[in-house]
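The numbers here are math on the coordinates, done by the rules we state, and not lab data. These numbers come from a predicted model, not from an experiment. Because the Cβ atoms are built from the backbone with ideal geometry, glycine has one as well, and the counts that use them run over all protein chains shown.
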């Protein structure tokens with residue numbers, strides 16, 4: 001699915017005084033560059049999100065482990081204080 005309307009872009013360039021063959025080439029180059037940048041952007045977000053999720057997952061596991069250890073410590077302390 002095209003990101004831009006290549007024919008409309010070429011027509012606008014022609015209306016601005018650029019010869020037809022040059023306008024068509026410029027419009028195609030613009031379309032191709034936008035398509036490639038969209039693919040690069042998707043790949044960037046995919047890799048960055050994977051890295052961020054992995055980091056968040058490890059941080060969350062550490063916090064959960066800390067909470068569990070804290071709860072066990074409180075339970076043991078209460079059992080020793082009130083036998």
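Per-structure values
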| item | result |
| --- | --- |
| Stokes-Einstein D (µm²/s) once Rh is taken as the Kirkwood radius of segment 6-81 over alpha-carbon pairs, at 37 °C in 0.692 mPa s | 188 |
| Order by protection proxy (mean Cβ within 10 Å, highest first), peptides 18-29, 36-47 | 18-29, 36-47 |
